[in-house]
Amino acid sequence: MTASHSLPAAAIFDMDGVLIDSNPYHLQKWIDLLTEHKVPFNPDDLPKQIFGHRNDTAFRFFFGDQLTKEHRRRLSEELEEKFRKVFRPHAKPLPGLAALIAECHEAGIPMAVASAAMSKNVEFIVDALRFRRYFAYLVTGDEVTHPKPDPEIYLKAAQHLGLEPARCVAFEDSFVGVESAKRAGMKCVGIASTFPVHELRAHTQADLAVSGFEELNLARLRQLFDGDKAGV
């Protein structure tokens, strides 16, 4: 059965917290940076302030608007180089993800990545996981003007795939990510790798929220388009 015969017509994945469990490494790099620069922060609030956001958005939040664009660029390059070096030995997909991707691939469903991360990180992760052949497009934070929760990145992904957003399903782990996908008009599955599943169910408009990819298969994704909201 091909993607033209049933929905979803495409599957679009966020990266951090969806393809990989990289969030502890991203959290630590921000803790180190803010501590080094003596910028006050609340450790309990930090995940919501950085996950799902582009670096420049977080820089403005913590450092204010006085940083020049070049300064933000240099800080971002430094942060992400450290991340890639530390994370490389630990690069592996979230449990159950490889099976779902293989099932979608076998069914002829095109797939893409829509991540707020810089292109270097997205390409690094996709290649480290050996998933490059599965993804028709990699849409990154470098290619959009408006970061999540704006729907731009998901609209671009759907445009690249030549599909109406309403025919696509997105996978997200953050509140702003879910909002971005829903504002684009897509079905969205919340993956509870960053925030508890009950929070995703209570505080987002995810069509389905699950503890992990082990709970998903193509048949369950198709139910979303039949109006089945099981699990939300």
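The values are calculated or read from the model by the stated rules, or taken from the named source; none is laboratory data. For clarity, every value in this text was computed on a predicted model and none was experimentally measured. Using ideal geometry, Cβ is built from the backbone for each residue, glycine included, and neighbour counts are taken over all protein chains shown. Keep in mind that these areas ignore ligands, DNA and RNA; they rest on the heavy atoms of the full protein, side chains included. Shrake-Rupley method; radii C 1.70, N 1.55, O 1.52, S 1.80 Å.
Of everything in the range 29-48 that's at pLDDT 90 or above and under 19 Å from the mean Cα position of the chain (by Cα), which residue is farthest from P196 (Cα to Cα)?
W30
Search the range 71-100 for residues that are under 14 Å from I125 (Cα atoms) and pair each with any residue that is among the hydroxyl-bearing types (S, T, Y) and in a helix (DSSP H, G or I) when their beta-carbon atoms are under 7 Å apart and the residues are at least 6 apart or on different chains.
So the pair list comes out as F83/Y25; V86/Y25; F87/Y25.
For the range 35-50, does any single residue satisfy the condition of being touching a helix residue (DSSP H, G or I) at 6+ places or on another chain (Cβ under 6 Å), within 23 Å of L138 (Cβ to Cβ) and open to solvent by 20 Å² or more (accessible area, probe 1.4 Å)?
Looking through the range 35-50, none of the residues is touching a helix residue (DSSP H, G or I) at 6+ places or on another chain (Cβ under 6 Å), within 23 Å of L138 (Cβ to Cβ) and open to solvent by 20 Å² or more (accessible area, probe 1.4 Å).
I'd like the residue in the range 15-34 that is of a type in the set (D, E, K, R) and touching a Ser or Thr at 6+ places or on another chain (Cβ under 9 Å) and, out of all such residues, is farthest from E80 (Cα to Cα).
D21
Out of the residues in the range 107-151 meeting the condition of being of a type in the set (S, T, N, Q) and either closer than 20 Å to L218 by Cβ or surrounded by fewer than 16 Cβ atoms within 10 Å (Cβ to Cβ) (or both), tell me which one is farthest from the chain's Cα centre (by Cα).
Step one: list which residues in the range 107-151 are of a type in the set (S, T, N, Q), which gives 115, 119, 121, 140, 145.
Pick out the ones that are also either closer than 20 Å to L218 by Cβ or surrounded by fewer than 16 Cβ atoms within 10 Å (Cβ to Cβ) (or both) and you get 119, 145.
Values: S119: 13, T145: 17 Å.
Ranking the qualifying residues of the range 107-151, first place goes to T145.
If the requirement is being modelled with pLDDT of 90 or more, hydrophobic (A, V, I, L, M, F, W, C) and within 20 Å of P147 (Cβ to Cβ), which of these qualifies: A102, A114?
None of the other options fit; the residue is A114.
A209 fails exactly one of the following numbered conditions: (1) open to solvent by 10 Å² or more (accessible area, probe 1.4 Å); (2) over 25 Å from T57 (Cα atoms); (3) among the small types (G, A, S). What is the number of that condition?
The one condition A209 does not meet is (1).
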